[in-house]
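What follows is a short report on a single structure.
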Amino acid sequence: MGFLRILQLALGGATLAAVLAWPQAPQPPAAPSPASTPLVLAGETVIDLTNWGRSANDLKDAVVIVQDGRITDVGPRALIPVPDGAQVIDCTGKYLIPGLVDGFSGMNSQGQANADLYMGVTTVVAVSDEVRGMADITASPRPQLYLLDSVGSTDNWSLLAKRSDWAARLKEGVRPVELSPEDTAQQIADTAHLGTRVVWMGGDITAANAQWIIARAHQMGLTAYGEFVATPYRVGIESGVDALPHMGRYELGLVPDELQVPLVDDPFGASATTAFDYSERLPPTDPHVRDYARFLADHHAALMPTFSMYYLRLPGHRNLWKEPAAVLLDPARLSMPPDRKTGEMNYPLGAWTRHLPASATRWLEEGQRKKADQEAMRLWRINQAIFAAFPHYLAASGAPAMGTMPGISMHTELELLVRLGLSPREALAAATNNYAIQFGWTELGLIAPGRRADILVLDADPTANIWNARRISTLIVDGNVMDRQALLNSGK
């Protein structure tokens with residue numbers, strides 16, 4: 001198993017003291033009602049993000065009308081009348097895209113909520129775990145939160161773990177243990193009652209349980225994520241899992257049967273180490289990579305690579321602390337934050353090294369950095385080979401783990417998707433309307449009538465250069481125009 005994966009598993013047993021607080025109320029507070037006065041955006045180009053980003057029917061010189069938090073009208077300025085008394089924003093020469101969706105991220109503080117909003121992330125699939133802490137559902141303002149919960153195994157970080165009727169059943173020992181089918185069925189029902197939108201299956205979930213969890217989730221209108229180990233990826237994919245998170249995880253679908261079978265009894269031990277090492281080191285030109293890529297492309301599951309978790313180990317990265325939104329982020333609430341001065345990852349050494357000469361510790365640190373960079377490049381090249389088959393993609397940051405930063409890392413994710421081979425339009429679709437297509441979340445993802453009015457007004461064309469998605473001149477969340485500068489000042 002690569003250095004980074006070992007480090008991730010080690011972190012899984014640690015608790016970040018700064019992010020342990022969990023609000024007692026299970027439901028987020030009601031958002032303030034948007035003003036009933038119509039809001040009109042006039043003169044802009046509305047970017048087309050339909051058909052997985054493969055359509056390019058942009059609407060120029062458009063009018064978009066927003067009322068009561070929803071988009072009511074979209075069309076050419078010559079055909080759409082402006083309502084009397086409307087608030088009109090002149091968007092001539094600008095470009096409109098929907099607010100970005102981060103499909104896998106923590107948000108453990110007001111600062112992180114503000115950073116997301118400042119960077120145009122208006123919806124977050126909120127993850128609570130030992131690395132990211134508990135999602136702060138009391139933050140205000142904040143993006144729309146779609147709660148994710150683990151199901152099917154013991155987990156101290158489940159959204160139900162604090163409840164008296166679940167505490168004993170979910171209490172996690174040294175390793176997670178599968179729940180009984182009866183408990184899992186009740187868990188899915190109870191977490192759905194809390195408002196959970198996504199259920200997540202971890203490494204210990206075995207094939208039979210994964211199959212019926214996916215089926216039960218879909219019956220209840222829930223989305224299913226799978227980070228499989230004991231379950232063969234092909235089984236989960238054929239069973240209709242909706243999304244496969246994380247480069248460094250879904251490549252496990254490349255292992256042969258003789259490495260997969262032992263994972264049923266040893267999903268976190270030596271057998272897993274061997275299997276992950278095999279999948280990581282398989283040459284990208286191996287026919288098994290090509291076959292697996294075609295299999296992915298031919299089935300429903302979408303890849304959610306969270307490339308940003310490897311961003312600082314890949315060539316061409318920059319110091320994320322220099323981003324304006326970074327002033328909102330407390331390093332104590334980030335997992336493995338990079339060095340402030342250099343922007344590079346820190347590689348902690350064991351206590352036994354503290355008496356070594358400085359030259360020796362630098363040599364050890366450099367050795368760990370080299371291993372981590374090599375692992376990242378091996379995985380990246382495999383993903384380049386997978387991309388050649390054109391599977392579907394969803395954008396997510398994985399923040400705030402492994403050097404990622406809320407909001408900021410959604411844009412590094414878009415950059416990396418383009419570096420992989422997606423067009424800027426396809427990358428934008430992966431962060432917007434692909435979620436509506438893949439998960440049926442048709443309330444978001446497009447500038448279209450009936451969609452939620454989460455809108456980014458951009459100063460330049462993001463389909464010409466993905467960097468332009470950062471050039472936000474106006475941020476609209478749930479129909480309300482937000483003061484971006486105030487976000488920088490109020491979330492510190």
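What follows draws every value from the coordinates through simple rules; no lab data is involved. Keep in mind the model is a prediction, meaning the values are calculated, not measured. In this analysis, Cβ positions are derived from the backbone assuming ideal geometry, glycine residues included, and neighbour counts consider all displayed protein chains.
Points to keep in mind about this one:
- The stretch 375-460 - Kirkwood radius from inverse mean 1/r over Cα pairs (Å): 14.3 Å
- Label-to-label distance for Arg54 and Asp68 is 3.7 nm, based on points extended 7 Å past Cα in the beta-carbon direction.
- Where the Cα pairs of the stretch 184-231 fall when distances are cut into 5 Å bins, in %: 5, 23, 36, 22, 12, 2
- Förster radius 25 Å - calculated FRET efficiency between Leu194 and Ala215, Cβ distance, rounded to 0.05: 0.75
- Within the chain, helix-based [θ] at 222 nm, where runs of 4 or more DSSP H residues each add -39,500 (n - 2.57), nearest 500: -9000 deg cm²/dmol
- Taking the stretch 67-82 and a reference point 7 angstrom along Cα→Cβ of Asp61, the backbone N atoms nearer than 19 Å belong to 74-82.
- Additional length obtainable on full extension of the chain from Arg77 to Glu443, 0.36 nm per residue less Cα span: 129.3 nm
- Spin-label model, Leu420 to Lys341: label points 7 Å out along the Cα-to-beta-carbon direction sit 3.5 nm apart.
- As a length-normalised measure over Cα pairs under 8 Å and 6 or more apart, the relative contact order of the chain settles at 21 percent.
- Projected label distance in nm at Lys371 and Asp277, using a 7 Å step from Cα toward the beta-carbon: 1.1 nm
- Each Lys and Arg adds +1 at its Cβ and each Asp and Glu adds -1 at its Cβ; summed about the Cα centre, the stretch 141-195 shows a dipole of about 260 debye.
- Cβ-derived FRET efficiency at R0 35 Å, Leu356 paired with Asn489, nearest 0.05: 0.20
- For Ser150, the residues whose modelled amide H falls within less than 5 Å of its own, excluding neighbours fewer than 5 places apart on the same chain, are Leu159, Trp200.
- Computed from point charges on the beta carbon alone (+1 for Lys and Arg, -1 for Asp and Glu), the dipole magnitude for the stretch 110-175 about its Cα centre is near 140 Debye.
- Between Gln186 and Asp165, full extension at 0.36 nm per residue minus the direct alpha carbon distance yields a gain of 6.5 nm.
- Using all pairs of distinct alpha-carbon atoms, the Kirkwood hydrodynamic radius of the stretch 44-188 works out to 18.7 angstrom.
- Gain on full extension, evaluated as 0.36 nm per residue between Ala388 and Ala208 minus their Cα-Cα distance, stands at 61.7 nm.
- Each of Asn434, Ser409, Ser423 was placed along the dipole of the stretch 399-492 (beta-carbon charges, centred on the mean Cα), and the one lying farthest toward the positive end is Ser409.
- Over the stretch 299-431, the reciprocal of the mean inverse Cα-Cα separation, the Kirkwood hydrodynamic radius, stands at 16.1 Å.
- Rotationally averaged projected area of the chain (alpha carbon convex hull; nm²): 22.8 nm²
- Each residue of the stretch 109-115 is assigned a 3J(HN,Hα), and the resulting list reads 7, 5, x, 5, 4, 5, 4 Hz, derived from the Karplus form 6.51 cos²θ - 1.76 cosθ + 1.60 (θ = phi - 60°), x at Gly and Pro.
- Between amide H atoms placed 1.01 Å from N, distances below 5 Å from Ile89 occur with Val40, Leu41, Ala42, all of them 5 or more places distant or on a separate chain.
- Packing, taken as the mean count of other beta carbons within 10 Å per residue, orders the peptides 102-112, 289-299 from highest to lowest as 102-112, 289-299.
- The trypsin sites (Lys or Arg not before Pro) of the stretch 120-178 that meet both conditions, a loop assignment by DSSP and at most 13 other Cβ atoms within 10 Å of the site Cβ, are Lys171.
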